[in-house]
1. When region 83-92 is examined, which residues are found to be surrounded by 12 or more Cβ atoms within 10 Å (Cβ to Cβ) and over 27 Å from the mean Cα position of the chain (by Cα)?
2. So, of the residues in region 95-146 that are assigned to a loop (DSSP other than H, G, I, E, B) and hydroxyl-bearing (S, T, Y), which turns out to be surrounded by the most Cβ atoms within 10 Å (Cβ to Cβ)?
3. Cβ-Cβ under 8 Å, sequence separation 6+ or interchain: first residue in region 157-178 and open to solvent by 80 Å² or more (accessible area, probe 1.4 Å), partner of a type in the set (G, A, S) and modelled with pLDDT of 90 or more. Which pairs?
4. Return the pair list, or none, for Cβ contacts closer than 7 Å from residues in region 128-146 that are of a type in the set (D, E, K, R) to residues that are assigned to a helix (DSSP H, G or I) and open to solvent by 30 Å² or more (accessible area, probe 1.4 Å), at least 6 apart or on different chains.
5. Please specify each residue of region 60-81 satisfying the condition of being buried (at least 17 other Cβ atoms within 10 Å of the Cβ) and touching a residue at least 40 places away in the same chain (Cβ under 8 Å).
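The values are calculated or read from the model by the stated rules, or taken from the named source; none is laboratory data. Fair warning: this is a prediction, and the values are worked out from it, not measured in the lab. Every residue, glycine among them, receives a Cβ derived from its backbone with ideal geometry; neighbour counts consider all protein chains shown. Protein only, heavy atoms only, side chains kept; ligands, DNA and RNA dropped before computing areas. Shrake-Rupley method; radii C 1.70, N 1.55, O 1.52, S 1.80 Å.
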Amino acid sequence: MAAAFVLRNLYRARPALRCPPAELPWAPRRGHRLTPADDELYQRTRISLLQRESPLSMYIDSYSSRGFVVNGNRVFGPCALLPQSVVQWNVGSYQDITEESFSLFWMLEPRIEIVVVGTGDRTERLQPHVLRAMRQRGIAVEVQDTPNACATFNFLCHEGRVTGAALIPPLGGTALTSQAQAAE
């Protein structure tokens, strides 16, 4: 204990013995090492592929007031996106959505887990009996404005979920543009 006390006082008394950080005998290295260490030379690396991307998965590239671009293909007006296809959807507005207009979603195999509905510029309420009919058939319905519905659909498809979408183009000037379109 006494030795520590003496050394501390000696250190404080003679500031010339201390090296300021700029005068270090070696410079600190800030770069990454470029060569492997000895223990890394003889070890093998294994990579496990957890999931393969399906080339047939649907992806909404962009939307506008006229329609959508799905997997690089233009679709004009309201559309229904199914797991491996796109069809025109014969509705003019959210008020035209009926149990019959949703029938194509429950006739498919494999069964669709969730249908994302885009109602245009704003989120609108669907008729309760239409939502009840979908719920009785075991299909969840997520009603959103079209921009958010497009993003939700892309996210669910990327997760590998069996998803459908019923989309009405937004009337406003907003548009989701893909990187390819932004470059043009």
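1. Matches in region 83-92: V91 only.
2. T119
3. What qualifies is L171/S65; L171/G120; G173/S65; T177/S62.
4. Going by the 7 Å Cβ cut-off, the qualifying pairs are R137/W106; E142/T152.
5. I60, D61, S62, Y63, S64, G67, F68, V69, P78, C79, A80, L81 - these are the residues of region 60-81 that are buried (at least 17 other Cβ atoms within 10 Å of the Cβ) and touching a residue at least 40 places away in the same chain (Cβ under 8 Å).
Condition check ((1) under 16 Å from P169 (Cα atoms); (2) of a type in the set (A, V, I, L, M)) across all residues:
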{"residue": "D61", "(1), (2)": "yes, no"}
{"residue": "G72", "(1), (2)": "no, no"}
{"residue": "A80", "(1), (2)": "yes, yes"}
{"residue": "V86", "(1), (2)": "yes, yes"}
{"residue": "R111", "(1), (2)": "no, no"}
{"residue": "V117", "(1), (2)": "yes, yes"}
{"residue": "L126", "(1), (2)": "no, yes"}
{"residue": "G138", "(1), (2)": "no, no"}
